[in-house]
Ligand code: SF4
């Protein structure tokens, strides 16, 4: 993975000094809260319901064990012993004190981490496929480009005060695990007809109150020109994006109002005018970055491991975990281990400092020192020898991290909602816990099969409910929370926006409604089709009938 | 209003002229784009330099024809968080090749200093009680930057032509 050199280290430490100074000026009253707000946001610091919240960037979701140990240390020393992994592949601390924040940032800088641009109206931490570099069917590893974009977007002189926040996601695979269609810019590495690899570029996707699937603006762009093209997109947005209305300020609205064709024309016109090479990194610089992502020292292994095969036969629980949570690896004899942070009835994405340490140690011993954070609020050990899978599983089990529910009904995405978030209109964590408890029986979950339930505590949709096969949106009317259900959303390569099925449900009845929807699917499915496949075949009607007949 | 240039508070020789006011025979004046267009001919014959203040929503291409007569362009920040003028400045410097004084006006804070300088601003009207020391400290706060092709004091990592001759930190 990427390692800071002196240049990066200087950048981050100067940034901490700068922010420490801003905090001091704020405390002294030399900066008003209004002036301080955008500055602290650009350093990942939010003011929440009960306290400040610090959001730490995990660039494209990649961590090493030293970094994970440090996150655990920060959780113990400056927070309440846990952290929350988010849909942005970041980690949030919910209880830091303002005067401690510069010290936390110092600690992060020691392990080459920061909180720069995890919030604010700037280019946010770039996200990527969590299986980048290890997925069996990948076209090319997108991480070098994700790193390039991390650098390029950090304190960008022109694009740090945008109309609204800006999110870029990248994948190197046909299968989309990075939800690129729902990002301001979505990038996919792909081969053109000549066999050269370049970027397919999508712009204007987003969730929030006006969910939109991104439009394709470029079918193929030479890889080396990426930053030039991004500059053109950003400039068109920075100059023309709406600033009169916060809810219309995202780039998706600009694309929508201009029409994808006209927007693309403006971008291409700007791009044609640019002195592109001037803004591009040199070939040496690209190679320097790419070298950090060269494959680690994999051993030459056989496809199958006898001990592993034996464990699969002997231990059904282990075999079921492997079936759900372990994915094929690019390299023979290795596997990708997905660690569920969704224990039945638990808080999605939360990890205690003890769990973080256990995972860090496992990564060091058995995953070539790598960990990934997923947008589904889980973690990944990307480089595990098949031979070690059993030992890894046992260790995970010890720390209550071996739930075999990846992609199943209880692998729920939920935003923090009213328990923490100042913008929330309803609770979301308790609802996800309730649903998780209801559908928690693992036999039942396995029978239901692939199902993505996603919950947001307000229209901002941080819980990705629009992309949920079953989406739940918490709202409030006259002081009472209620929950709207959408069906048929998807965030993968066949992205779709979920459709509202009808009137909302109270916090007491929403779990019943979800269960009815799930049972309806189980009754009507044919030939092993998944929930989403069944929904796409039959539409919303049967589900509506079932739900509104019984409630 | 204090004006900062080259790290110092300096005397401002420029006067912002109201659209209705008469064009003085002498002295440095800043005009609106409309006024500039209207009086383009008279301007050439008067003694004193001409500047123009641009709104955030004008296309700077509109200015291209007049640029040879212009010594100063002022861009406005209606709010600290409104970043359109950064792109306008960038366009003026690169696309239109404007070499004169580029002034930041409106809601200008020291905490924007590095961004402003890198896109090509070189004078700053600051109206918020921040001292020149705060400004200069902010300006020196970052010695390195990642973006290539933007001017400014910071070093960029690679040896692209645009950053050559500037201090390069040694690489590990
Ligand atoms: S969706 Fe709303 S409630 Fe949930 S985290 Fe985002 S802003 Fe907060």
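At a glance:
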| item | result |
| --- | --- |
| Rg/Rh for segment A:134-291, where both radii come from Cα atoms and Rh is the Kirkwood radius | 0.95 |
| Three-way shape call for segment A:473-551 based on the alpha-carbon gyration tensor, with the a/c threshold at 1.5 | oblate |
| Relative contact order (%) - criterion: Cα under 8 Å, at least six apart; region: chain A | 13 |
| Cα-based shape type of segment A:207-326, given that a ≥ b ≥ c are square roots of the gyration tensor eigenvalues and the cut on a/c is 1.5 | oblate |
| Antiparallel DSSP beta bridges within segment A:413-550, percent to nearest 5 | 70 |
| Percent of beta bridges antiparallel (DSSP, chain B, rounded to nearest 5) | 25 |
| Alpha carbon convex hull of segment A:306-398, volume per residue in cubic angstrom | 97 |
| Cα centroid of segment A:391-451 to Cα centroid of segment A:503-517, whole Å | 17 |
| Sequence of B:55, A:138, A:320 once ranked by neighbouring C-beta atoms within 10 Å, starting from the fewest | B:55, A:320, A:138 |
| Chain B: most fluctuating residue of B:130, B:154, B:88 per GNM, C-alpha cutoff 10 Å | B:130 |
| Expected 222 nm ellipticity per residue - DSSP helices of 4 or more, -39500 (n - 2.57), all of chain A, to 500 | -11500 deg cm²/dmol |
| Least to most buried among B:11, A:262 (fewest other Cβ within 10 Å first) | B:11, A:262 |
| Rh by Kirkwood over Cα pairs, then Stokes-Einstein D for segment B:16-60 at 1.306 mPa s and 10 °C, µm²/s | 147 |
| Rounded to 5, percent antiparallel among DSSP beta bridges of the protein assembly as shown | 65 |
| 222 nm mean residue ellipticity, helices alone, for chain B (DSSP H n ≥ 4; -39,500 (n - 2.57); rounded to 500) | -5000 deg cm²/dmol |
| Neighbouring partner chain Cβ atoms per residue of B:146-154, average, 10 Å criterion | 6 |
| Part-to-part distance (alpha-carbon centres) for segment A:308-367 and segment A:41-103, which is given in Å | 24 |
| Rg to Rh quotient for chain B, alpha carbon positions, Kirkwood Rh | 1.00 |
| Average beta-carbon neighbours from other chains, 10 Å sphere, peptide B:84-91 | 6 |
| Tail fraction, Cα-Cα pairs, segment A:249-408, threshold 20 Å, whole percent | 62 |
| Dimensionless Rg/Rh of chain A - Kirkwood Rh, Rg from C-alpha atoms | 0.95 |
| As computed over segment A:46-140, the Cα convex hull volume per residue (Å³) | 111 |
| Segment A:15-74 - Rg (one decimal) and Dmax (whole number), Cα, Å | 13.9, 40 |
| nm² value of the averaged projected area, convex hull over the Cα atoms of segment A:368-495 | 9.6 |
| Neighbour-count order for A:46, A:482, A:93, A:4, fewest beta carbons within 10 angstrom listed first | A:4, A:482, A:46, A:93 |
| Shielding by other protein chains, A:225-233, mean Cβ within 10 Å | 1 |
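None of the figures in this text is laboratory data; all of them are computed from the coordinates on show. Everything quoted here is computed from the prediction, not taken from an experiment. Ideal geometry is used to build each Cβ from the backbone, glycine not excepted, and the neighbour counts take in all protein chains shown.
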